[in-house]
1. Apply the Kirkwood formula to region 474-598: the hydrodynamic radius equals the inverse of the mean of 1/r over all pairs of different alpha-carbon atoms; give it in Å with one decimal.
2. Across region 404-522, what fraction of all alpha-carbon pairs, as a whole percent, falls in each successive 5 Å bin from zero upward?
3. Give the span of region 637-692's Cα atoms along each principal axis, as three whole-Å numbers ordered largest to smallest.
4. Tell me the accessible surface of ASP580 in square angstrom (1.4 angstrom probe, heavy atoms of protein chains only), to the nearest ten.
5. Accessible area per residue for the chain in Å², computed with a 1.4 Å probe and the full protein assembly in place, what is it?
6. Taking all protein chains in place and a 1.4 Å probe, what share, in percent, of the accessible surface of the chain do carbon and sulfur account for?
7. Just need the relative contact order of region 358-474 here, percent rounded to a whole number, with Cα pairs under 8 Å and 6+ apart.
8. What FRET efficiency comes out for the pair THR290/ASP86, r = Cβ-Cβ distance, R0 = 41 Å, nearest 0.05?
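The values are calculated or read from the model by the stated rules, or taken from the named source; none is laboratory data. On a predicted model such as this, the values are computed, not experimentally measured, just so you know. Here the Cβ positions follow ideal geometry from the backbone for every residue, glycine too, while neighbour counts run over all protein chains shown. Calculation scope for accessible area: heavy atoms of the full protein, side chains included, ligands and nucleic acids excluded. Shrake-Rupley method; radii C 1.70, N 1.55, O 1.52, S 1.80 Å.
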Amino acid sequence: MKKRRIGVLLLSSALILSGVTFGVVSCGEGTQQTSKNPQITLALDVSEIYVGQTAKVTATVNGSAVTDVQYSIVEGGEAIASVASDGTVTGLSAGKATIKARKAGHKAGTVEITVANRPVIEPDAVLEFEDAQHIPPAGGWTDGTGNPVETPVEETDTASGGASLGYQSQGVVTNVKFTAEEAGTVDLGFVMATTAMDWTSFQMTAMTVKDVITIEVNDTELDLTGITLEPGEGAWNYYAWNEFIIDDVSIKAGANVITVTTVGMQGPNMDCIKVYGDLGIEQTKVEAVTTENIGTYTYYVNGYEWGPGVYKVVIDFGTGNAVAASDLAIDLFQVNASGAGGAGAREVKDIYLVDANGDEDTAATSGTKVGMELGFNITSQNWGGWIMTSTNGASPFQYVNETGRNIWDASYTITTRLAAGKSLKIGETTYDATQKPFVCNTEAENGRVITAVKDWGEQKSYTNEENNQKLTYKAYETTAMEEDGVKNPLIIWLHGAGEGGTDVDIALLGNDVTNLGEEKIQSYFKTNGSAGAYVLAVQTPTMWMDAGDGTQTEGTSSSIYTETLMKTIETYVAGNEDIDPNRIYLGGCSNGGFMTMEMAIKYNSYFAAYYPICEAKADSAITDENIALLKDSNIWFTHAANDTTVIPNDFTNATYKRLIDANAQNVYYSYFENVVGDDSGKEVEYMGHYSWIYALKDQCDTTVTDANNITAPSTGKVMVGSEEVTLWGWLASTSK
């Protein structure tokens, strides 16, 4: 076996302090220590150390181990980063370092250590990752733009064999198989590159190997502690190869396998494995396995605090391809979702056979349709005060920068495969995750079901013949309200800028507006015989702050849609005699908050109350005459202090203060420090502009108490009579 060792000079010495007289001092074996301050002697457990390797320093006094020693580096900090409390030293870069040990009542001792670069020698064998067996993650691999590919292999000029493994997402398993003529130990050099990125600077960063992958050799896991992959220079450099070497790995005679499993959300790119040790090793090339594409899927969408979320997928394997209910288990499949807004593995929370409507069929013992309920992994990062949230494949929306609006993502794809080590009989064929794999990634015709809007009726529109402006709308209307024998209130919702267009479902889902039709909010309006409140969601084809040329007014001038919106509302109310004209409430968020203020100023006598959220009507554009009008209105504002889109001091804070100074009697303000939600099952922080989350989850229950000192969070309680109320309880109690 070839060795890659070079000599390392190791020196141990004892420090004798000048100017102090002691008795005879000697560090030699068998001598007597007569000083009152015994000498510490340091020694190393190896004769050489390479960069990345570890050594152990031991401290003794007169040949006996001594504990509670404090280690420090007195010279050569560039060679070793630190010395652990147990004496472990890790080589950092080539060079020499001096380590000192101190202990009260003892004379300090030192030892010098040399760290050397590993000598460059040719390996005895090279195992290529592209010739390995690739077990895909949930959903398989993509080419970097969302398009699925069969394997992660990609051509790379800098790789040893002209190819390497690309994007390694969580769940990837790569088996490198080889044979050895004889048993023994070898050193294995793994050649990989970091794919970690600092998204604030768009520069590659170091990757801690044990956090992103595990490596097993013949089912024995290797210790990856302390190993990092250093970045190359510049941005997006995924091919700056690093080699880290694991020494003395046991190899069997005959068949062997090295298994690399990605355990982090994203693993490294991988080039090859270099073998140092002549055991007659040859790689076993794995034949490509054909993956069959079977079945189609339909995904189900509900509304959540972050927007739309895909919470269920139903696979239809097709006629003759029945599966047994007893074969279904939550760990059977790996599910991945990808689209313009990101990608990620989706946890399967439940699995069952479904009927023709997509509902669980508890009586069925076999069937061709399988439903899976999916968990959410919503994450956020704070980049210098700018909160960025990722749904990691949960949202089927795409934000279009050119228009500033959301659309349904045509590239959104859900991919289902058998999990590693799993098999399933479908019809007469038994599929296996590795030997006979299948994938289902074909969306069914009409493959999207939006359960959140099932009670919101058909989309309708109103066209203003004077200017040919057309607004679309949907309404929450129930038979119970129509038949309760009393007139019912009407809540009107105006969406934000990103929800403009001609599909009202986008306006309903973009801000979780469907909550207005849920019992938590509807219950406030089920009083005095009423069965609830009607809800009208109106959508503009562009944005409420449209200046007339497709650009935003920045909240400083009027909207081109003000008159058309009023006529749309009047037309809807005229067509529903069950609406109480004294209890019509208007509100919305951001652009919709701007439009709420616009309507409150121009059509003040029509509405009973207003609930603007992170409203974008600039206070500088609100005149004193406007304030004199609005001070007698019923208004409940909502905003968050860390909103970087609509700065509170320039909008709500300033306007609220002016209203209170004008002696407004029924104006309130829920002011939050930041925006936090928990619809995903864990607490997630969103950008500060998302304060509509609090309003639509019925969490606005306080008001600012001092308009001259507006600080978050607000703490005052809003009372109706002797009872504390939330925004919606207050709204339900308000009438013209």
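1. On the way: mean 1/r = 0.0664 Å⁻¹.
Evaluated over region 474-598, this radius sits at 15.1 Å.
2. 2, 8, 13, 14, 13, 11, 9, 7, 8, 6, 4, 3, 1, 0
3. 43, 22, 13
4. In the full protein context, ASP580 sits at about 30 Å².
5. That works out to 44 Å² per residue.
6. About 46 percent, which is the carbon plus sulfur part of the accessible surface.
7. Over region 358-474, the number comes to 11 percent.
8. Details: r = 53 Å, r/R0 = 1.29.
My answer for the efficiency is 0.20.
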